[in-house]
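The values are calculated or read from the model by the stated rules, or taken from the named source; none is laboratory data. Since the structure is predicted, the reported quantities are computational estimates derived from the model, not experimental observations. No Cβ is skipped: glycine too gets one built from the backbone with ideal geometry, and neighbour counts run over all protein chains shown. Only protein heavy atoms, including side chains, enter the accessible area calculation; ligands, DNA and RNA are left aside. Shrake-Rupley method; radii C 1.70, N 1.55, O 1.52, S 1.80 Å.
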Amino acid sequence: MVKALSSIILFLALFISSPAQKAFEIDDDKDHFQLPFQLIHDLVIVPVEINGVALSFLLDTGVDSTILFNLTEVDSLNVKNATRILLKGLGAGNPVQAIKSSGNEVRIGKATSQSLILYVVYDYEINLSNRVGVPIHGIIGYDFFKDFILEFNYPRQKINIYDPEFYEYKKCRKCEDLPLTFYMNKPYVTAKVKIDDNTERPLNFLIDSGLGDAVWMLSDEKKGIQVPERYFEDFLGFGMGGSVYGLRTRIKSLKLGRFEFEEVTASFPDSLYIKEMQTYELRNGSIGAQILKRFDITIDYPNKKLRLSPNRNFNKPFEYDMSGVIIAHTGFSYVKKLRSGIVPKANNQENNEPGILVYKSDSEIEFTLEPQYGIVEIRPNSPAEKAGLQIGDLLIDINGKKAYKFELSEINNILSSGEGKRIRFRIMRNGIEKLITFELKKIL
């Protein structure tokens, strides 16, 4: 099932090269350890500790450097040896100011780096936490992947992490081993694609675990990479430079080794953003988490290898969000709750003699700080737009249940729960409550 915010964390085309020397070592001379992760909108979120402060990071093969942002919650973090720089990422915005910081101690599970370089972004607008509903303080990629061999188990939300010196590949009849090539410290793989006819084209894709979509494709008429006839315009993601828009469609098939998927959802970003992505002339697109999560994956940077083994997600269909609305965490609000009970007021019993027990009603008003959700994007001509929802609407309740009682991921699951399902939103707009209903509708 596709999550409504599946492409939110599309980060980015950073033009920074990390040093090649080993950064991380496993503690106590061990040869491996296991790292649990959160799977949020098909994206891998791992616990990271920087200079003694506990944080949460997106683990992303699509970046070559470690970026720290959303610092409002971690003002006590002491970054070292700081110099100011500018960073450019996907989106329509301008480059953002950042700080390059060296000599930081970083821990991920049982692996430690004593002197990692961080790029610290203080721009308040770059806050991915409100789009996914959980704290995300940064993103790490090549700095971590280059030192280990990682076995991803998406269904169990576990990663087995090995020292390459002691790792041995097991014989696996159902597995497929594919070679990786690298450009600017990012991994690429060849996949065979049929776009809208039966012509099979070998194309070069970035393996991008930080992309929540299945496939992104870069239009190129000379190579026959063009948008199929059936498509719709949509918000594709949110990067360092702001929102990313483009066209969504389906391609006939995508084949990785002997594994083939049909009717795959695919996005074509607008030309404005393609310029930022085409830093590698051989790149034809990106393969994201909606493909990767269908396998148990071994990512092996040291030996330039990708191993795929189908898991229980393999045969699930590719679907788009059926509502056309994107919801984000927009802050907090105070909610008034009434607590009531009956407690003893006085007891005439003395010296264990019979007496009269008197009770009183005890009611208290309690104010709690609860999450607030709002509409941040709406797809044109979608069920949500046709029903009258607007950007800026605040959710009060969903299908009769208070909105603050949901996790953001639960809301997105509801909005992808099946064609024909009726959704009831009570919203607040300009101080006025409105009830808006619509039905989920499959697109393409």
Filter region 237-250 for residues that are modelled with pLDDT of 90 or more and open to solvent by 10 Å² or more (accessible area, probe 1.4 Å) and give the result. Leu247, Arg248, Arg250
Condition check: assigned to a strand (DSSP E or B), open to solvent by less than 30 Å² (accessible area, probe 1.4 Å) and at pLDDT below 80. Does Gly374 satisfy that? no
Return the total of residues in region 159-185 being exposed (fewer than 11 other Cβ atoms within 10 Å of the Cβ) and of a type in the set (S, T, N, Q). 0
Given the condition modelled with pLDDT of 90 or more, hydrophobic (A, V, I, L, M, F, W, C), more than 22 Å from the chain's Cα centre (by Cα) and surrounded by 13 or more Cβ atoms within 10 Å (Cβ to Cβ), answer yes or no: does some residue in region 412-424 qualify? yes
Among the residues of region 299-314, write down those that are over 15 Å from Arg156 (Cβ atoms), assigned to a loop (DSSP other than H, G, I, E, B) and within 21 Å of the chain's Cα centre (by Cα). Phe314
Just checking, does region 380-394 include any residue being among the aliphatic types (A, V, I, L, M), open to solvent by 20 Å² or more (accessible area, probe 1.4 Å) and in contact with a Gly (Cβ under 8 Å, 6 or more places away or on another chain)? yes
Residues of region 434-444 being out of contact with any helix residue (DSSP H, G or I) (no Cβ under 9 Å at 6 or more places or on another chain) and either closer than 12 Å to Leu389 by Cβ or at pLDDT 95 or above (or both), which ones? Lys434, Leu435
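One line per residue, one yes/no per condition, for (1) assigned to a helix (DSSP H, G or I); (2) touching a Cys at 6+ places or on another chain (Cβ under 6 Å); (3) within 29 Å of Phe318 (Cα to Cα):
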position: Glu385; (1), (2), (3): yes, no, yes
position: Leu395; (1), (2), (3): no, no, yes
position: Asn412; (1), (2), (3): yes, no, yes
position: Ser416; (1), (2), (3): no, no, yes
position: Gly420; (1), (2), (3): no, no, yes
position: Arg426; (1), (2), (3): no, no, no
position: Leu435; (1), (2), (3): no, no, no
position: Lys441; (1), (2), (3): no, no, yes
position: Leu444; (1), (2), (3): no, no, yes
Confirm whether Ser253 is of a type outside the set (A, V, I, L, M), modelled with pLDDT of 90 or more and within 16 Å of Ser209 (Cα to Cα). no
Inter-residue pairs, beta-carbon under 8 Å, first on the phi > 0 side of the Ramachandran plot and in region 371-389, second open to solvent by 30 Å² or more (accessible area, probe 1.4 Å) and not aliphatic (A, V, I, L, M), 6+ apart: Gly388/Lys434
Within the set of pairs 6+ apart or on separate chains, which have a first residue in region 19-37 that is in a strand (DSSP E or B), a second that is modelled with pLDDT under 95 and surrounded by fewer than 18 Cβ atoms within 10 Å (Cβ to Cβ), and C-beta atoms under 9 Å apart? Glu25/Gln114; His32/Phe166; Phe33/Asp27
Restricting region 22-42 to residues that are in contact with a helix residue (DSSP H, G or I) (Cβ under 7 Å, 6 or more places away or on another chain) and crowded, with 19+ Cβ neighbours inside 10 Å, the residue that is modelled with the highest pLDDT: Phe24
Of the listed residues (Asp213, Asp234, Asp177), the one being assigned to a strand (DSSP E or B), under 27 Å from the mean Cα position of the chain (by Cα) and modelled with pLDDT under 95 is Asp234
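The rows are residues; the columns are (1) among the hydrophobic types (A, V, I, L, M, F, W, C); (2) farther than 14 Å from Ala266 by Cα.
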position: Arg156; (1), (2): no, yes
position: Phe166; (1), (2): yes, yes
position: Glu176; (1), (2): no, yes
position: Asp197; (1), (2): no, yes
position: Glu200; (1), (2): no, yes
position: Leu211; (1), (2): yes, no
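I'd like to know if region 205-223 contains one or more residues that are in contact with a Gly (Cβ under 9 Å, 6 or more places away or on another chain), farther than 28 Å from Arg312 by Cβ, in contact (Cβ under 8 Å) with a residue 12 or more places away in the chain and not hydrophobic (A, V, I, L, M, F, W, C).
Step one: list which residues in region 205-223 are in contact with a Gly (Cβ under 9 Å, 6 or more places away or on another chain), which gives 205-218.
After this cut, where a residue has to be farther than 28 Å from Arg312 by Cβ as well, the list is 218.
Still in the running and in contact (Cβ under 8 Å) with a residue 12 or more places away in the chain: 218.
Next cut, not hydrophobic (A, V, I, L, M, F, W, C) only: none.
No, the conditions are met nowhere in region 205-223.
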Pull out all pairs, ordered by first then second residue, where Cβ-Cβ is under 6 Å, the residues are six or more apart or on different chains, the first lies in region 421-435 and is of a type outside the set (A, V, I, L, M, F, W, C), and the second is loosely packed, with under 15 Cβ neighbours inside 10 Å. Arg422/Glu439; Arg424/Asn399; Arg424/Thr437; Arg426/Leu435
